[in-house]
Amino acid sequence: QRLKAAVHYTVGCLCQEVEEDKDVQFSKQSIAAISEITFRQCEIFAKDLEMFARHAKRTTVTTEDVKLLARRSSSLLKYITQKSEELASSNMEQKEKKRKKSSAAKGERTPGEQEAAVTENEDSNMA
């Protein structure tokens, strides 16, 4: 019930924005109908995503499942792909930072730092 109410509220807010931009009016019945259709479509999406994951013998829905769901809308698929790549690169950066912090705390050197240290030692040995 709370989720349905949240969808209705969000649809109402979006309709208000459209009213201001396009100078049109939405009746309460039309907002309710859009909300109901939106909620039902989200339920269908959720079931489809669950089936995609189950078909792949997984219990977790992945971004690949979401991309498969969006395959009929090229613009939506492009947007989802772009966002998932951004999230993936952001996650990689976060993992790299954590790895550097943990190795610095342990007094270890990252592979790049080890290589630089070896080069410095070689340079000082030659001199």
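The values are calculated or read from the model by the stated rules, or taken from the named source; none is laboratory data. As the structure is a prediction and not an experimental result, all values here were calculated from the model. Here the Cβ positions follow ideal geometry from the backbone for every residue, glycine too, while neighbour counts run over all protein chains shown. Heavy atoms of the whole protein, side chains included, go into the accessibility calculation; ligands, DNA and RNA do not. Shrake-Rupley method; radii C 1.70, N 1.55, O 1.52, S 1.80 Å.
Scanning region 70-79 for residues that are farther than 17 Å from Ile44 by Cβ and surrounded by 10 or more Cβ atoms within 10 Å (Cβ to Cβ) yields a count of 3. Of the candidates Glu86, Glu122, Glu43, Glu115, the single residue that is farther than 28 Å from Arg2 by Cβ, open to solvent by 80 Å² or more (accessible area, probe 1.4 Å), part of a helix (DSSP H, G or I) and at pLDDT 85 or above is Glu86. Within region 90-97, does at least one residue satisfy the condition of being in contact with a Ser or Thr (Cβ under 8 Å, 6 or more places away or on another chain) and either at pLDDT 95 or above or in a helix (DSSP H, G or I) (or both)? Within region 90-97, not a single residue is in contact with a Ser or Thr (Cβ under 8 Å, 6 or more places away or on another chain) and either at pLDDT 95 or above or in a helix (DSSP H, G or I) (or both).
If you check Arg54, Arg72, which single one turns out to be assigned to a loop (DSSP other than H, G, I, E, B) and modelled with pLDDT of 85 or more? Exactly one residue qualifies, and that residue is Arg72. Among the criteria (1) assigned by the TED database to the domain that holds Tyr9; (2) not in a loop (DSSP other than H, G, I, E, B), the one Val24 does not fulfil is (2). Reported count of residues in region 1-24, each being among the charged types (D, E, K, R), open to solvent by less than 90 Å² (accessible area, probe 1.4 Å) and over 23 Å from the mean Cα position of the chain (by Cα), is 1. Listed by first and then second residue, the pairs with beta-carbon distance under 8 Å, at least 6 apart or on different chains, first residue in region 3-16 and in the same structural domain as Glu43 (by the TED database) and charged (D, E, K, R), second open to solvent by less than 80 Å² (accessible area, probe 1.4 Å) and part of a helix (DSSP H, G or I), are Lys4/Ser35; Lys4/Phe39.
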